[in-house]
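Here the structure is laid out as structure tokens; the discussion comes afterwards.
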Amino acid sequence: QGAQIIVFPEDGIHGFNFTRTSIYPYLDFLPHSHSGEWNPCREPHLFNDTEVIQRLSCMALKNKIFLVANFGIKQPCEHSDPHCPPDGRFQFNTNVAFDSDGMLVATYRKYNLYFEYAFDTPPEPDYELFDTPFAGKFGMFTCFDILFFEPAVNLIRQYNLKQIVYPTAWMNQLPLLSAVEFQQAFATAFNVNILAANIHHPTLGMTGSGIYTPVKSFIYHNMESYGGKLIVAEIPVITTGQETNLESNERFGENLHDSCRTFTSASLDDQVCFNEQEETPGRVSEKGNAQLPPPFYAEMMYDNFTFVPVWGEKGELQVCANTLCCYLSYGRAVLTDELYALGVFDGLHTVHGTYYVQACALVKCGGLSFSTCGQEVTDATALIDFQLWANMSTPYIFPLLLTSGVTLDFADHMGWKNNHYFISKNRTSSGLLTAALYGRWYEKD
């Protein structure tokens, strides 16, 4: 189909459920930092135990295509090395990239392992990139890395990267961390193109691949069938001159000042203002006297969120936790028999990894009782206009917008205004599952 680069998923060559010992026979030897000087297809006898690398190199050469793949490698080490495991070897979860001549141009060892007992964490994070004639420099990292500062964010910022290749074996976790949802949010937040190849294994909850630009995506998310899908798309190259959302965020943060004294529900494009000393918005119903229900608590993705229900055709709501306050202005033409809630979490996430999250989320609940808010939901019918904003403490904010059937939608506007980050949408293309600001406060991990 004339593709210039192909990306394969994480664990796609060897599969899952290995111990350190049982995976060993499947590991290739790969000398560290040998990229750019070795063509495994043309020089197969340079190193022993390189059958997989040779095969991949020949595929790239024969098809004249850049190729990125993931598999396990081994590297012997000396016991004098304090990092050296007791068995005298490192085992790394590794991405390799080959150019269209079969030359090995980059190797990346996964730094943020997700309960992968067969593999070691490299002593230092790898910052790996390779150059292409068709889109300039590509950076690469793997799966769980996408949630952390090292090396993913640091790589993009240090090298001003605009194209990313991303092998992954991602277990979907709704409502905030479905693969396609977060991959798109990452592309949007950093203003990069991402070629994300997720392994297709529905019984493990692993599905959701895509080719993402900051404003458009080509995705495949299918939990029903066992057939995977090859996604092919032509996308514009992002040049390094284009500023990222984050760069403008940080600049914005430096010269912000509280210029407003009153909360207004005017369009966010006009102003976002409120004053915490004044009557908080949304605590009073339209009649002006009946109090809205107090906040409730429910678990969402193993974190204890503070929620308020989203009732009625329109309204303004606020919910706070720790230092984080979320605000929602919403409207819907048709009231459906669905419960939505606005939730906030500001704290250290500690299940299946430890990382600090500031999240502000409008979600569809699993049922009509408060206890169902935070559950995994895949279908919705409510079309909602909304403006969601929050006084985030980190510039690293991933805007999530997920619609019925786990499909993606794109915000009308987003960005910083008066020390608050906002996202707005006039009408979702289909029923709303999640609209959220997912902030990562890396310094507090």
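Being more than 15 Å from E116 (Cα to Cα), in a loop (DSSP other than H, G, I, E, B) and open to solvent by less than 50 Å² (accessible area, probe 1.4 Å) is the filter here; which residues of the stretch 4-15 pass it? Passing the criteria: only P9. Across the stretch 16-44, the number of residues qualifying as modelled with pLDDT under 95 and surrounded by fewer than 18 Cβ atoms within 10 Å (Cβ to Cβ) comes to 8.
Evaluation of P76 against the conditions (1) without any contact (Cβ under 8 Å) to a residue 40 or more places away in the chain; (2) touching a His at 6+ places or on another chain (Cβ under 8 Å) shows that the sole unmet condition is (2). With respect to being out of contact with any Cys (no Cβ under 6 Å at 6 or more places or on another chain), touching a residue at least 24 places away in the same chain (Cβ under 8 Å) and either open to solvent by less than 30 Å² (accessible area, probe 1.4 Å) or aromatic (F, W, Y) (or both), F138 fits the description.
When every residue of the stretch 372-382 is checked against the conditions, none turns out to be closer than 15 Å to L174 by Cα, within 19 Å of the chain's Cα centre (by Cα) and part of a strand (DSSP E or B).
Among the residues making up the stretch 270-322, those that are at pLDDT 50 or above, over 23 Å from Y356 (Cα atoms), not charged (D, E, K, R) and not in a loop (DSSP other than H, G, I, E, B) are Q291, P309, V310, G315, L317. Look through T434, T407 and report the one residue that is open to solvent by 10 Å² or more (accessible area, probe 1.4 Å) and of a type in the set (S, T, N, Q). Testing whether each residue is open to solvent by 10 Å² or more (accessible area, probe 1.4 Å) and of a type in the set (S, T, N, Q) leaves just T407. Taken over the stretch 1-39, the criterion of being of a type in the set (S, T, N, Q) and under 20 Å from F141 (Cα atoms) is satisfied by Q4, S33, S35. Looking only at residues of the stretch 93-121 that are touching a Phe, Trp or Tyr at 6+ places or on another chain (Cβ under 6 Å) and open to solvent by less than 10 Å² (accessible area, probe 1.4 Å), we find that the one that is farthest from F148 (Cα to Cα) is L104. Considering I146, I164, the condition of being open to solvent by less than 10 Å² (accessible area, probe 1.4 Å), touching a strand residue (DSSP E or B) at 6+ places or on another chain (Cβ under 9 Å), outside any helix (DSSP H, G or I) and in the same structural domain as G12 (by the TED database) is satisfied by I164 alone.
The values are calculated or read from the model by the stated rules, or taken from the named source; none is laboratory data. Nothing here was measured: the structure is a model prediction, and the numbers come from that model. Neighbour counts are summed over all protein chains in view; Cβ atoms, including those assigned to glycine, are modelled from backbone coordinates with ideal geometry. Note: areas computed on protein heavy atoms with side chains; ligands, DNA, RNA excluded. Shrake-Rupley method; radii C 1.70, N 1.55, O 1.52, S 1.80 Å.
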